[in-house]
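Chemist: Have a look at the structure that comes next, please.
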Amino acid sequence: MRIVRSSSEAMRGVYVLLIYVSGDVHVKVGALGRLLFRKGFYAYVGSAQNGLENRLMRHFQGARHKFWHIDYLIGSKAAFLVGAFYKVAGKDEECKSAREFGKIGFHVKGFGCSDCGCESHLFMFKDATIIEGLCFKLGFKRYIANESPYCDTSDA
């Protein structure tokens, strides 16, 4: 589960998690309380400024401790992490990307944005291809979470 890089230091970047919720479910999300997640596809925009690869691996392996809002959703029985996208970028790109997703997706108010002024960093879509298309348009690359020691660096 690696991202190809030219340096041995931890990569900083922004990522998008593609999540499928298989049926309507209520999930307690930390201080946000109980939220209703409708069946559909969700895009979560996050950043990792001290180790992008480790953060993505943490999400795919399942967090032991719930720290971020997204940990609560991914930890629910109805939610499945089905893909991820990443790009090397500074923290400011996280909010820029979230605003782009917010233009076309339904936002889950207050989710994942307690450290910024955004309305949300989690957005619902009826179709996963919309999420994938926007990721590629914004310059993200697909992250491959399997035993393969490489990441797909194709643009589409």
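Chemist: Just checking, does region 60-68 include any residue being buried (at least 18 other Cβ atoms within 10 Å of the Cβ), at pLDDT below 95 and of a type in the set (A, V, I, L, M, F, W, C)?
Modeler: yes
Chemist: Still on this structure, I have one more. Step by step: first the residues of region 89-109, then only those that are of a type in the set (A, V, I, L, M) and modelled with pLDDT of 95 or more, then the one that is surrounded by the fewest Cβ atoms within 10 Å (Cβ to Cβ). Which residue is that?
Modeler: Going through the qualifying residues, I end up with Ile104.
Chemist: Within region 110-132, which residues are within 20 Å of Gly51 (Cβ to Cβ) and either of a type in the set (S, T, N, Q) or crowded, with 18+ Cβ neighbours inside 10 Å (or both)?
Modeler: Gly112, His121
Chemist: Pull up region 41-59, narrow it to residues that are in contact (Cβ under 8 Å) with a residue 60 or more places away in the chain and touching a helix residue (DSSP H, G or I) at 6+ places or on another chain (Cβ under 9 Å), then point me to the one that is nearest to Arg12 (Cα to Cα).
Modeler: Selected residue: Gly46.
Chemist: Do you know which of the residues in region 115-151 that are among the charged types (D, E, K, R) and outside any strand (DSSP E or B) is modelled with the lowest pLDDT?
Modeler: Here the residue is Glu147.
Chemist: Could you check region 32-91 and list, in sequence order, the residues that are of a type in the set (Lys, Arg) and either within 14 Å of the chain's Cα centre (by Cα) or not in a strand (DSSP E or B) (or both)?
Modeler: Of everything in region 32-91, those that are of a type in the set (Lys, Arg) and either within 14 Å of the chain's Cα centre (by Cα) or not in a strand (DSSP E or B) (or both) turn out to be Arg38, Lys39, Arg55, Arg58, Arg64, Lys66, Lys77, Lys87, Lys91.
The values are calculated or read from the model by the stated rules, or taken from the named source; none is laboratory data. Owing to the predicted nature of the structure, the values given are computational and were not obtained by experimental measurement. Ideal geometry is used to build each Cβ from the backbone, glycine not excepted, and the neighbour counts take in all protein chains shown.
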